[in-house]
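A short worksheet on the structure shown next.
The values are calculated or read from the model by the stated rules, or taken from the named source; none is laboratory data. Because the structure is a prediction, the values reported are computed rather than measured. Heads up, the Cβs are rebuilt from the backbone with ideal geometry, glycines too, and the neighbour counts pull from every protein chain shown. The accessibility values were calculated without ligands, DNA or RNA, using every heavy atom of the protein model including side chains. Shrake-Rupley method; radii C 1.70, N 1.55, O 1.52, S 1.80 Å.
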Amino acid sequence: MALVDRIKGICLKPKDEWQKIEGETSSAADLLKNYALPLAAIGAVAGFIGMSFIGISVPFIGSIRTPVASGLIRAVVQLALALVVVYVVSLIIDGLAPTFGAQKNKSQALKVAVYSSTPGWVAGVLGILPSLGILALIASCYGIYVMYLGLQQLMKAPKEKAVGYTALVIVCAVVLFFVVSLIVGAFAGAGMMATGAAGFR
């Protein structure tokens, strides 16, 4: 399955795409390396460009930019943690399955975690203009619906329990995201201290 075709399918026709994904066999390493890595890199690269070269405009101050070295550190850490988070979310999906009448299956759980992240990862390109960050957040919310469908198709969650299943997974994912944001911010801050304060223009 070509990368672009999979992205289009999961974003535009998720229900049909989950049916195709269900019968596919791929190792966790292949899924993370060949799909999750390039998509997660979109946001990391765009964020680096946006914060280090374009910056954020602040009234009466001007444009604030992150030093390039600090930005690179932040991008690398962000990318690495994105892969860690999606894998941990897959473990959460698998672990919670029996609670919601779904079937435990680590391989299918990883597919749900990775592919439902697609809308948010693709929207990461908006990070090139930091002021458009809210739009990326909206795209990530669409990923919740994609996950809801995936939990039913791949994890065999009963429809009446899929909403609760999805909600609990998302709550756990939000907590993970908060922790990751703190870690990324800490690395970015350390990089700024090492390379000098952010440039003001």
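From the list Ser52, Ser90, Ser63, which residue is without any contact (Cβ under 8 Å) to a residue 40 or more places away in the chain and more than 17 Å from the chain's Cα centre (by Cα)?
Ser52
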State the number of residues belonging to region 18-56 that are under 19 Å from Asn105 (Cβ atoms), open to solvent by less than 10 Å² (accessible area, probe 1.4 Å) and not aliphatic (A, V, I, L, M). 1
Among the residues in region 60-72, are any among the hydroxyl-bearing types (Ser, Thr, Tyr), part of a helix (DSSP H, G or I) and surrounded by fewer than 15 Cβ atoms within 10 Å (Cβ to Cβ)? no
Determine whether Ile7 is open to solvent by 60 Å² or more (accessible area, probe 1.4 Å), touching a residue at least 60 places away in the same chain (Cβ under 8 Å) and among the hydrophobic types (A, V, I, L, M, F, W, C). no
Give all pairs with beta carbons closer than 6 Å in which a residue from region 99-121 that is open to solvent by less than 10 Å² (accessible area, probe 1.4 Å) meets a residue that is acidic (Asp, Glu); count only pairs at least 6 apart in sequence or on separate chains. Ala109/Asp94
Looking at Gly120, is it in a helix (DSSP H, G or I), closer than 20 Å to Lys13 by Cα and modelled with pLDDT under 95? yes
Filter region 2-60 for residues that are on the phi > 0 side of the Ramachandran plot and of a type in the set (A, V, I, L, M, F, W, C) and give the result. Phe60
In region 30-55, which residues are touching a strand residue (DSSP E or B) at 6+ places or on another chain (Cβ under 6 Å) and farther than 22 Å from Gly185 by Cα? none
Hey, Asp5 farther than 23 Å from Cys172 by Cα and out of contact with any Ser or Thr (no Cβ under 6 Å at 6 or more places or on another chain) or not: yes
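Restricting attention to region 160-175, which residues are open to solvent by 80 Å² or more (accessible area, probe 1.4 Å) and either small (Gly, Ala, Ser) or within 15 Å of Val86 (Cα to Cα) (or both)?
Residues satisfying the conditions are Val171, Val174, Val175.
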Among the residues of region 116-146 satisfying the criterion of being more than 14 Å from Ala82 (Cβ to Cβ) and hydroxyl-bearing (Ser, Thr, Tyr), which is nearest to the chain's Cα centre (by Cα)? Tyr142
Within region 176-194, restricting to residues that are open to solvent by 60 Å² or more (accessible area, probe 1.4 Å) and closer than 20 Å to Gly120 by Cα, the one that is modelled with the lowest pLDDT is Ile183
With the requirement that a residue be closer than 23 Å to Gly55 by Cβ, touching a residue at least 24 places away in the same chain (Cβ under 8 Å) and either among the polar types (S, T, N, Q) or out of contact with any strand residue (DSSP E or B) (no Cβ under 9 Å at 6 or more places or on another chain) (or both), what does region 124-166 give you? Gly124, Val125, Leu126, Gly127, Ile128, Leu129, Ser131, Ala136
